[in-house]
Amino acid sequence: MKRVRLVCIFIAVLGGLFGAGLWLSEMKQAAADHLVVPTRSELTVYTDGDPDLMMAIGRAYEKEAQVKVHMIPIGQKQMGTRLALPEGEQQGDLVISTVPNLGQGVTHGAFHRLPADITQNVEATFHGTNEQWVGIWYDPYVFAVHNDFYNAKGKYVNTWFSLAYTGPWRIAVTDFVADERAITLLNTFGGIYGQEGAISYFDSLRPHIVQYTKELPSPVRMAAIGDVDIGVGRYSDAKLYEVHKYPLTILYPREGTPYDMMGVAILKGTTNESESKAFITWLLSERLQAIWKDNDVHYIATINTMASHKDRQGNPLVLWTGGIAQAEETKLLREWIRQVRFRKDTP
């Protein structure tokens with residue numbers, strides 16, 4: 001009798017444990033279901049921007065607007081090919097890309113015209129042709145000056161041409177072949193001063209250059225740690241080191257400076273134009289800048305006026321617009337390689 005009673009107790013305990021396990025499992029599933037953000041719509045965005053940042057942007061918008069954003073990464077060279085597809089084959093809603101690729105989209109008639117209520121808060125400098133795209137953020141080229149050099153002579157090196165003056169300073173710039181992202185610098189000089197002027201200028205820098213770096217962020221890093229006096233690079237990279245308390249001063253070249261920009265456009269093949277417009281409105285808000293801060297990213301938003309940006313010396317940020325025709329880019333790069341990068345001086 002006692003054995004029967006023990007068996008019954010054992011079975012009851014097992015049953016209780018099993019029931020408790022089921023209850024806990026159901027509670028965990030309910031909690032997981034509660035964390036899933038319900039979505040009321042979906043958007044597909046093709047982008048050649050930084051994948052991690054783009055995914056963070058998509059997640060943030062999904063959480064705030066209950067709209068699922070599918071960020072589809074595409075290489076910069078492949079983006080142009082996609083934008084050349086006929087409208088019926090686009091199968092997407094928006095594109096976030098560089099100015100050259102957005103320009104190709106305009107050429108191929110891939111985009112809708114954006115309404116004034118979206119573009120009105122962005123300076124005309126950052127509007128695409130016929131309002132078919134609008135800039136979201138930009139990243140100008142700056143001088144990243146190590147503080148030791150700035151406090152000595154560096155404060156006087158605040159123009160592109162003073163950078164080439166005779167002096168003891170050491171400079172790092174990016175090899176335009178090693179990192180194609182830096183080509184904006186060369187092409188913009190070509191557009192401003194012509195091929196001969198651009199080649200002459202970069203040749204005049206050679207006595208100062210201690211390294212042509214393989215990656216665009218490297219000149220700024222070298223200036224931040226004191227390997228060079230001045231690194232020519234992007235604002236976002238320089239600002240990152242400044243925020244993290246490196247001994248670095250950011251100067252805006254007083255004549256003006258080239259810049260890269262990311263913009264957004266709505267594909268004609270979209271099946272959700274109203275939600276696409278709402279997403280762009282959100283991108284052009286201060287909420288996006290909060291996401292940058294969370295991800296330690298330091299671009300300049302197009303919704304902020306250029307006049308509001310001044311460097312340590314009080315110099316305003318002046319942007320050089322324009323460049324050279326695509327057909328001339330290869331020729332200019334070839335001449336830079338021949339006459340500057342691998343120039344053989346004769347006695």
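The values are calculated or read from the model by the stated rules, or taken from the named source; none is laboratory data. Quick caveat: nothing in here was measured; it's all calculated off a predicted structure. Glycine also receives a Cβ, built like all others from the backbone with ideal geometry; neighbour counts cover every protein chain displayed.
A few points about this structure:
- Condition check for LYS77: exposed (fewer than 14 other Cβ atoms within 10 Å of the Cβ) and not small (Gly, Ala, Ser): yes
- Qualifying residue in the range 88-95 (condition: outside the structural domain of THR174 (by TED's automatic domain parsing), in contact with a Lys or Arg (Cβ under 7 Å, 6 or more places away or on another chain), among the hydrophobic types (A, V, I, L, M, F, W, C) and buried (at least 16 other Cβ atoms within 10 Å of the Cβ)): no
- Residue count, the range 42-92 (criterion: closer than 29 Å to ASP296 by Cα, over 22 Å from the mean Cα position of the chain (by Cα) and either at pLDDT below 85 or polar (S, T, N, Q) (or both)): 1
- Hits in the range 291-308 - residues which are assigned to a loop (DSSP other than H, G, I, E, B) and either in contact with a strand residue (DSSP E or B) (Cβ under 8 Å, 6 or more places away or on another chain) or more than 19 Å from PRO140 (Cα to Cα) (or both): ASN295, TYR299, THR302
- Residue pairs whose Cβ atoms lie under 8 Å apart, separated by 6 or more positions or on different chains, with the first residue in the range 121-133 and under 20 Å from THR47 (Cβ atoms) and assigned by TED's automatic domain parsing to the domain that holds GLU286 and the second polar (S, T, N, Q) and at pLDDT 90 or above, are VAL122/THR302; PHE126/THR302; HIS127/THR119.
- Test for ALA182: is it crowded, with 21+ Cβ neighbours inside 10 Å, at negative phi and in a helix (DSSP H, G or I): yes
- Matching residues in the range 278-305 - criterion: being more than 21 Å from VAL67 (Cβ to Cβ) and surrounded by fewer than 17 Cβ atoms within 10 Å (Cβ to Cβ): LYS293, ASP296, ASN304, THR305
- Across the range 163-191, the number of residues qualifying as of a type in the set (Gly, Ala, Ser) and touching a Ser or Thr at 6+ places or on another chain (Cβ under 7 Å) comes to 3.
- Here THR125 passes the criteria (1) closer than 30 Å to PRO247 by Cα; (2) in contact with a helix residue (DSSP H, G or I) (Cβ under 8 Å, 6 or more places away or on another chain); (3) surrounded by fewer than 21 Cβ atoms within 10 Å (Cβ to Cβ) except the one numbered (1).
- Residue within the range 243-257 that is assigned to a helix (DSSP H, G or I), surrounded by fewer than 17 Cβ atoms within 10 Å (Cβ to Cβ) and outside the structural domain of GLY128 (by TED's automatic domain parsing) present: yes
- Residues located in the range 258-290, provided they are part of a helix (DSSP H, G or I) and under 13 Å from the mean Cα position of the chain (by Cα): LEU288, GLN289
- Taking the listed residues ALA238, ALA223, the one that is farther than 30 Å from GLU123 by Cα, at pLDDT 95 or above and in contact with a Leu (Cβ under 8 Å, 6 or more places away or on another chain) is ALA223, with no other qualifying.
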